[in-house]
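Heads up, the thing below is written out as structure tokens.
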Ligand SMILES: C[S@@+](CC[C@H](N)C(=O)[O-])C[C@H]1O[C@@H](n2cnc3c(N)ncnc32)[C@H](O)[C@@H]1O
């Protein structure tokens, strides 16, 4: 682990009013432009802030998190009609416990700064993504913002991109509280 890990006992903060206003899940997902036939891996899914609305739009979401309490909260909140579309997996990144070329998309929302070995994460994504697969990263800018970890633990957009040399950047969005990157193999 790189440094601070978001604690499971603070999990209610992941979907509180302030976050919903500052970083709406629907907006993150709209920028991803998901297709109904796609299979997605939500890396560090937490309580499912983006997992659940994504599941309503795609064929399947692998919801991967190291913390059992996060996955339990996700299961509690998951609407019945989406239960077949979400596969919860308790696992420690950078390893991605999925088959080769089994996913079209991966997303990591406020997670990449918590994963220590990004070179290993890139290698795992290259193995699991299908050709042309995409990786969406949302994270905190490397300056003081109202939410987020200490600045010393954050990664700038440039630092993130430099850790994924086999990917090309398709798009980048910058907001006062976070950035979103769309990378493609
Ligand atoms: C700040 S929370 C974000 C959760 C979710 N993506 C969201 O947007 O609400 C970070 C999550 O990443 C998970 N995480 C951090 N490092 C991880 C690792 N190495 N392997 C698996 N999960 C990890 C934590 O358990 C936590 O649930």
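Since every read-out is calculated from the coordinates, none of them should be taken as a lab result. Keep in mind that this is a model prediction, so the values were computed, not measured. Cβ atoms come from the backbone with ideal geometry, glycine included; neighbour counts cover every protein chain shown.
General observations
- Residue within region 101-122 that is buried (at least 17 other Cβ atoms within 10 Å of the Cβ), more than 18 Å from residue 161 (Cβ to Cβ), away from the ligand (no atom under 11 Å from the Cβ) and more than 15 Å from the chain's Cα centre (by Cα) present: no
- Qualifying residue in region 162-173 (condition: touching a helix residue (DSSP H, G or I) at 6+ places or on another chain (Cβ under 7 Å), crowded, with 20+ Cβ neighbours inside 10 Å and part of a helix (DSSP H, G or I)): no
Listed here are the residues, each with its yes/no results for (1) outside any helix (DSSP H, G or I); (2) in contact with a helix residue (DSSP H, G or I) (Cβ under 9 Å, 6 or more places away or on another chain).
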{"residue": "4", "(1), (2)": "yes, yes"}
{"residue": "9", "(1), (2)": "no, yes"}
{"residue": "13", "(1), (2)": "no, yes"}
{"residue": "21", "(1), (2)": "no, no"}
{"residue": "30", "(1), (2)": "no, no"}
{"residue": "35", "(1), (2)": "yes, no"}
{"residue": "42", "(1), (2)": "yes, yes"}
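- Residue, nearest to the ligand (Cβ to nearest atom), within region 61-83, restricted to residues that are more than 18 Å from residue 13 (Cβ to Cβ) and crowded, with 23+ Cβ neighbours inside 10 Å: 64
- Pairs with Cβ under 8 Å, 6+ apart, first in region 92-104 and in contact (Cβ under 8 Å) with a residue 24 or more places away in the chain and closer than 21 Å to residue 54 by Cα, second near the ligand (Cβ under 8 Å from one of its atoms) and part of a loop (DSSP other than H, G, I, E, B): 93/44; 93/66; 93/111; 93/115; 97/91
- Filtered by the rule that a residue be within 26 Å of residue 116 (Cβ to Cβ) and more than 11 Å from the ligand (Cβ to nearest atom), region 18-38 gives a lone residue, 32.
- Candidates 127, 143, filtered to the one that is away from the ligand (no atom under 11 Å from the Cβ), on the phi < 0 side of the Ramachandran plot, part of a helix (DSSP H, G or I) and surrounded by fewer than 15 Cβ atoms within 10 Å (Cβ to Cβ): 127
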